[in-house]
1. Any residue that is over 20 Å from the mean Cα position of the chain (by Cα), on the phi < 0 side of the Ramachandran plot, in contact (Cβ under 8 Å) with a residue 12 or more places away in the chain and outside any loop (DSSP other than H, G, I, E, B) - is there at least one of those in the range 78-90?
2. Looking at the range 64-74, is at least one residue in contact with a strand residue (DSSP E or B) (Cβ under 6 Å, 6 or more places away or on another chain) and within 24 Å of residue 7 (Cβ to Cβ)?
3. Would you mention how many residues in the range 9-44 are surrounded by 16 or more Cβ atoms within 10 Å (Cβ to Cβ), acidic (Asp, Glu) and assigned to a loop (DSSP other than H, G, I, E, B)?
4. I want to confirm something. Restricting to the range 45-68 and keeping residues that are within 26 Å of the chain's Cα centre (by Cα) and assigned to a loop (DSSP other than H, G, I, E, B), which single residue is surrounded by the most Cβ atoms within 10 Å (Cβ to Cβ)?
5. Would you confirm whether any residue within the range 119-137 is at pLDDT below 90 and touching a strand residue (DSSP E or B) at 6+ places or on another chain (Cβ under 6 Å)?
Amino acid sequence: DGFIAVQDVDGSEVYTRAGDLEITAQGFLQTANGNLVLGNGGPISLSPYDEISIGNDGTITIRPLGQSQAELAVIDRIKLVNPDTATLTRNERGLFVGENGAEEPDGNVQVESGSIESSNVNSVSALVTMIELSRQFETQIKMMSVAEENDAAAGRLLRTT
């Protein structure tokens, strides 16, 4: 449970579960849709680095460019919130807006680095099921057509006798 705080186009704080984060040419951390990810003091900006990692609590650590493995620097922490979902509404860009404005960070919300939330539907299985259902429908339509033809033939036989 929980959301990542991002900056909307009007500068307000909104929330998303889209964790497909990327770094701009200017060094800002953003979602794939271009929303800047918020940290403790606003949008997260990264200095040049050789290596980056994001901890489960949202802490962003880098190894600055040209530094040794022992010289790690904590840059910021992604603002993770857990608002009451009943008070959230979606805006026209699909982002969640809090009823009470900016939410407070929640230390219980965690991120899982290296994974992206996605659909729980197996597309191959869904396609096979759809084909099977289509064939069953066609078979039933044929059976109804044959039953109608049999009914008409029986009616003709009864009229002639």
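1. no
2. There is at least one residue in the range 64-74 that is in contact with a strand residue (DSSP E or B) (Cβ under 6 Å, 6 or more places away or on another chain) and within 24 Å of residue 7 (Cβ to Cβ).
3. Residues flagged as surrounded by 16 or more Cβ atoms within 10 Å (Cβ to Cβ), acidic (Asp, Glu) and assigned to a loop (DSSP other than H, G, I, E, B) within the range 9-44 amount to 0.
4. By that ranking, first place goes to 58.
5. Checking the range 119-137: not a single residue is at pLDDT below 90 and touching a strand residue (DSSP E or B) at 6+ places or on another chain (Cβ under 6 Å).
Table: residues versus (1) more than 30 Å from residue 56 (Cβ to Cβ); (2) in a loop (DSSP other than H, G, I, E, B); (3) acidic (Asp, Glu); (4) in contact (Cβ under 8 Å) with a residue 12 or more places away in the chain.
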position	(1), (2), (3), (4)
107	no, yes, no, yes
119	no, yes, no, no
128	yes, no, no, no
137	yes, no, no, no
145	yes, no, no, no
150	yes, no, no, no
155	yes, no, no, no
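The values are calculated or read from the model by the stated rules, or taken from the named source; none is laboratory data. All figures in this text were calculated on a predicted structure; none of them were measured in a lab. In this analysis, Cβ positions are derived from the backbone assuming ideal geometry, glycine residues included, and neighbour counts consider all displayed protein chains.
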